[in-house]
Amino acid sequence: MNRFLFKVFVRCHDLMNREEGQDLVEYSLVVALIAFGATAGMTTLATGINHAFNTISSKLATSL
């Protein structure tokens, strides 16, 4: 019985100390962070471009 419990303990300990999937999780977190930053940057950029085109449009309309 003690040998069986020792084998179970060793197997559980090995499973807890494995780091095979850690790289995949780190890479997916980095990709998610980049995607979030790009989305936020594009939203700000789109707002600025929209404002610039509205200003140009109104100046052209008053000029004509």
Open item on the list: For the stretch 1-41, give me each residue that is modelled with pLDDT of 80 or more and of a type in the set (Lys, Arg).
Closed with: Arg3, Lys7, Arg11
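If you check Thr55 against the conditions, is it in a helix (DSSP H, G or I) and surrounded by fewer than 10 Cβ atoms within 10 Å (Cβ to Cβ)?
Details: in a helix (DSSP H, G or I): yes; surrounded by fewer than 10 Cβ atoms within 10 Å (Cβ to Cβ): no.
It is false that Thr55 is in a helix (DSSP H, G or I) and surrounded by fewer than 10 Cβ atoms within 10 Å (Cβ to Cβ).
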- [ ] Kindly indicate whether any position in the stretch 42-52 is surrounded by 10 or more Cβ atoms within 10 Å (Cβ to Cβ), assigned to a helix (DSSP H, G or I), modelled with pLDDT under 90 and of a type in the set (Gly, Ala, Ser).
- [x] no
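The values are calculated or read from the model by the stated rules, or taken from the named source; none is laboratory data. What you see is a predicted model; the values in this text were computed from it and never measured. No Cβ is skipped: glycine too gets one built from the backbone with ideal geometry, and neighbour counts run over all protein chains shown.
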